[in-house]
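The structure under discussion appears below in the form of structure tokens.
Laboratory data are not the source of any read-out in this text; all were calculated from the coordinates shown. None of the values given here were measured: they were computed from a predicted structure. Quick reminder, even Gly has a Cβ in these numbers, built from the backbone with ideal geometry, and neighbours come from all protein chains shown.
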Amino acid sequence: MKDNWSIELIASKEAKEFIREHHYSRGSHNGPSPCFGLFEGDVLIGCLMVATPCSENVRASVFGVELKQHVRELHRLAIIDDTPKNTESWFISRCLKMMREVRPDIWALISFADTTVGHTGGIYRATNALHCGMTSPARFYEDSSGRLRHPRQNGVNISVAEATSRGWTAVRRSAKHRFLFILGDKREKRERTSLLLLDVN
């Protein structure tokens with residue numbers, strides 16, 4: 001990659017602004033942390049955002065309820081279009097290494113590839129993520145700006161009636177590929193993989 005590229009921790013506000021501009025969802029979790037920025041010189045050209053999944057069941061599905069605090073989600077990834085081939089996998093692999101330094105308490109990141117927009121997780125496979133099957137199709141909402149809204153907001157399930165009152169439209173989303181990144185050194189990865197409850201294929 002380019003000599004003047006660097007990866008730095010960035011504030012959630014800066015990360016959310018970048019995601020709103022460059023990610024198809026046009027939005028993100030309200031409190032992502034940590035957030036990593038890919039810079040070309042002083043210019044932000046990419047962002048990887050980690051967040052707590054909306055569903056506690058998603059966290060518990062990885063290692064079980066007692067260890068769910070060690071699970072987060074690779075929530076958003078976006079890079080400007082004019083970058084060399086393999087930039088995304090290069091960026092992800094380096095962010096995962098930094099995760100071990102900045103958040104050693106996090107053992108795994110779960111992520112999803114949205115087939116509704118044609119994503120199959122090729123980038124995740126290229127960075128050695130574990131494929132853990134598919135989710136079921138689900139209902140999401142779309143607000144007036146075109147931003148996707150999760151059906152669970154701030155720990156509360158949003159009904160169709162409530163969504164309608166907010167000016168949101170129900171949209172059906174296809175199944176997603178489920179992927180998992182196990183963090184740590186070789187020994188830690190081996191030990192954490194042995195604790196998995198998800199089926200890996």
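I want the local charge near residue 17. Using Cβ-Cβ distances under 13 Å, sum +1 for each Lys or Arg and -1 for each Asp or Glu among the other residues. Intermediate values should be presented prior to the final figure.
Working: positive: 13, 16, 20, 26, 76; negative: 14, 21.
Residues close to residue 17 contribute a combined charge of +3.
Residues whose amide H comes within less than 5 Å of that of residue 158, counting only those at least five positions distant or on another chain, are 152, 153 (H built at 1.01 Å from N in the peptide plane). Remark: segment 114-124, residue by residue, has Karplus-estimated 3J(HN,Hα) of 7, 5, 4, 9, x, 7, 10, x, x, 5, 5 Hz, where x stands for each Gly or Pro and the curve is 6.51 cos²θ - 1.76 cosθ + 1.60 at θ = phi - 60°. Couplings 3J(HN,Hα) for segment 126-132, derived from phi with the Karplus relation 6.51 cos²θ - 1.76 cosθ + 1.60 (θ = phi - 60°), are 5, 9, 6, 6, 7, 8, 10 Hz, where x marks Gly and Pro.
For every other residue with a beta carbon closer than 13 angstrom to the beta carbon of residue 149, add +1 if it is Lys or Arg and -1 if Asp or Glu, then tell me the sum. Spell out each step's value before the answer.
Numbers: positive: 26, 139, 147, 152, 166, 173; negative: 142, 143, 162.
In short, +3.
Working from label points 7 Å from Cα in the Cα-to-Cβ sense, the residue 100 to residue 69 distance is 2.3 nm. Taking Rg and Dmax of the Cα atoms in Å as calculated from this structure, the corresponding entry among (i) 15.7, 44; (ii) 52.5, 160; (iii) 16.9, 52 is (iii). Taking 0.36 nm per residue of separation and subtracting the current Cα-Cα distance, fully stretching the chain between residue 154 and residue 93 would add 18.9 nm.
What order, most packed first, do the peptides 171-179, 116-124, 159-167 have when packing is the mean number of other Cβ atoms within 10 Å of each residue?
Taking the mean over residues of other Cβ atoms within 10 Å, the ranking is 171-179, 116-124, 159-167.
Taken one residue at a time, the phi angles of segment 36-53 give Karplus couplings (6.51, -1.76, 1.60, θ = phi - 60°) of 10, x, 9, 10, 10, x, 9, 9, 6, 10, x, 8, 10, 10, 9, 8, 7, x Hz. Gly and Pro are set to x.
Order by neighbour count: 180, 196, fewest other Cβ atoms within 10 Å first, most last.
Details: 180 21, 196 17.
With the sparsest Cβ surroundings first, the list reads 196, 180.
With the simple spin-label model, which puts each label point 7 Å out from Cα in the Cβ direction, the residue 173 to residue 139 separation comes to 1.5 nm.
For segment 1-94, the list of trypsin sites (Lys or Arg not before Pro) that fall in a loop by DSSP and count at most 14 other C-beta atoms within 10 angstrom reads 2, 85.
If R₀ is 41 angstrom, what is the calculated FRET efficiency for the pair residue 166 and residue 195, using the beta carbon separation as r and rounding to 0.05?
Numbers: r = 40 Å, r/R0 = 0.97.
Plugging the Cβ-Cβ distance into 1/(1 + (r/R0)^6) gives 0.55.
Taking every DSSP helix (H) stretch of at least 4 residues in the chain, weighting each as -39,500 (n - 2.57) and dividing the sum by the residue count yields a mean residue ellipticity at 222 nm of -7500 deg cm²/dmol.
Across the chain, Cα pairs under 8 Å and at least six residues apart give a relative contact order of 20 percent. Between the beta carbons of residue 60 and residue 3, assuming R0 = 30 Å, the FRET efficiency works out to 0.10 to the nearest 0.05.
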